[in-house]
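Undergrad: Below is one structure. I have some questions about it.
Read-outs throughout are calculated quantities, based only on the coordinates presented, and are distinct from any laboratory measurement. All values derive from a computational prediction rather than experimental measurement. FYI the Cβ positions are ideal-geometry reconstructions off the backbone, even for glycines, and counts take in every protein chain you see.
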Amino acid sequence: MSNNVRSLELDKILSAVALCAGSEKGKQSVLSTQPSADLLTVTQLQKETEEAYYAMNRCNCYPSFEVDDITECIMRAKKMSMLTMGELLKIARLLRLTRNLKNSIGKLDGNIAPILTKMSNQLFLQNTLAEEIDRSIFSETEMNDCASERLGAIRREIKRNGERLRAKLNSYISVPEYQKALQDSVVTMRGDRYVLPVKREFKGVIAGLVHDRSASGQTLYVEPMAIVEMNNELKMLLADEKTEIER
């Protein structure tokens, strides 16, 4: 058998076929293929190949197989570990591809493609879960406000809090006494806290906490004492948002 395999250059054939695979697992499956001398096994594999050829060339059935490997995600989920938004999106993509594959095979004549039909019937669909993930998550780093009522409420409060903070700091910017102390007439942030850029030589003009300084040391980022509690509230809201996203 090994001499025949070498003569056929099976490794080169498998490498060429692997390039057509739509996923890493598919590539590995192709590359690990071993020849068989068992008549029943070979006959079964030939039937599967014939049905796949029929589906693709006679029925124009070309479902996508470009899927992400979610093996690790499933293992962690079984242990009740938290999945990231990116991992949940991978799961949703796989569920959609599974649905599309099942629908595509469902259009085939079951009498001509009984093996594919049987395989399709064993596919597990979870459309509700896929739709819920798509509804709740925008991207790998952003969750939709409507993912939960509480998340929406927290974000609305974060927005209101930010507006109050900016309004308060803008009131400093509009005061002539403070304008000369500011490096720029802008509101900025340092570590999730709203601050003002104050010239170093005017450090004491605006009473507050220094959170950072520029590379040159000429600008201090000061949090006025008047907004410390508001910034604390914002920090708590951001922590609540993080907790709700993880939940």
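Undergrad: Give the residue that is surrounded by the most Cβ atoms within 10 Å (Cβ to Cβ), with candidates limited to residues of region 41-83 that are polar (S, T, N, Q) and farther than 19 Å from Q126 by Cβ.
TA: Once the filter is applied, the top-ranked residue is Q44.
Undergrad: Here's something else I'd like to know. Taking I137 as the residue in question, decide whether it is in contact with an Asp or Glu (Cβ under 8 Å, 6 or more places away or on another chain) and either more than 30 Å from E51 (Cα to Cα) or surrounded by 12 or more Cβ atoms within 10 Å (Cβ to Cβ) (or both).
TA: No.
Undergrad: While we're looking at this one, here's another question. Could you tell me whether L101 is part of a helix (DSSP H, G or I) and more than 22 Å from I137 (Cβ to Cβ)? Write out each step before concluding.
TA: Values: part of a helix (DSSP H, G or I): yes; more than 22 Å from I137 (Cβ to Cβ): yes.
Against the criterion (part of a helix (DSSP H, G or I) and more than 22 Å from I137 (Cβ to Cβ)), L101 qualifies.
Undergrad: Right, something else. Read through the list (1) surrounded by 16 or more Cβ atoms within 10 Å (Cβ to Cβ); (2) aliphatic (A, V, I, L, M); (3) out of contact with any Leu (no Cβ under 7 Å at 6 or more places or on another chain), then give the number of the only condition that L108 fails.
TA: If we test L108 against (1) surrounded by 16 or more Cβ atoms within 10 Å (Cβ to Cβ); (2) aliphatic (A, V, I, L, M); (3) out of contact with any Leu (no Cβ under 7 Å at 6 or more places or on another chain), just (3) comes out false.
Conditions tested, residue by residue: (1) under 25 Å from L95 (Cα atoms); (2) small (G, A, S); (3) touching a helix residue (DSSP H, G or I) at 6+ places or on another chain (Cβ under 6 Å).
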| position | (1), (2), (3) |
| --- | --- |
| A147 | yes, yes, yes |
| A153 | no, yes, no |
| N161 | no, no, yes |
| S171 | no, yes, no |
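Undergrad: Which is surrounded by fewer than 14 Cβ atoms within 10 Å (Cβ to Cβ), charged (D, E, K, R) and in a helix (DSSP H, G or I), of E87, E163?
TA: On the way: E87 fails: surrounded by fewer than 14 Cβ atoms within 10 Å (Cβ to Cβ).
None of the others qualify; the one that does is E163.
Undergrad: Of all residues in region 1-27, how many are surrounded by fewer than 13 Cβ atoms within 10 Å (Cβ to Cβ) and closer than 25 Å to K118 by Cβ?
TA: Count: 1.
For every residue, the table says whether it meets (1) surrounded by fewer than 15 Cβ atoms within 10 Å (Cβ to Cβ); (2) of a type in the set (V, I, T); (3) not in a loop (DSSP other than H, G, I, E, B).
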position: E177; (1), (2), (3): yes, no, yes
position: S185; (1), (2), (3): yes, no, no
position: E201; (1), (2), (3): yes, no, yes
position: G204; (1), (2), (3): yes, no, no
position: E244; (1), (2), (3): no, no, yes
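Undergrad: Give the residues of region 36-78 that are over 22 Å from G110 (Cα atoms) and either assigned to a loop (DSSP other than H, G, I, E, B) or β-branched (V, I, T) (or both), sorted by residue number. Quick ask: steps written out before the conclusion?
TA: Taking region 36-78 as the starting set, the residues that turn out to be over 22 Å from G110 (Cα atoms) are 36-39, 66-78.
The answer is S36, A37, D38, E66, V67, D68, D69, I70, T71, I74.
Undergrad: On the given criteria, is L125 of a type in the set (A, V, I, L, M, F, W, C), out of contact with any Asp or Glu (no Cβ under 8 Å at 6 or more places or on another chain) and part of a loop (DSSP other than H, G, I, E, B)?
TA: Values: of a type in the set (A, V, I, L, M, F, W, C): yes; out of contact with any Asp or Glu (no Cβ under 8 Å at 6 or more places or on another chain): yes; part of a loop (DSSP other than H, G, I, E, B): yes.
For L125, the condition - of a type in the set (A, V, I, L, M, F, W, C), out of contact with any Asp or Glu (no Cβ under 8 Å at 6 or more places or on another chain) and part of a loop (DSSP other than H, G, I, E, B) - is met.
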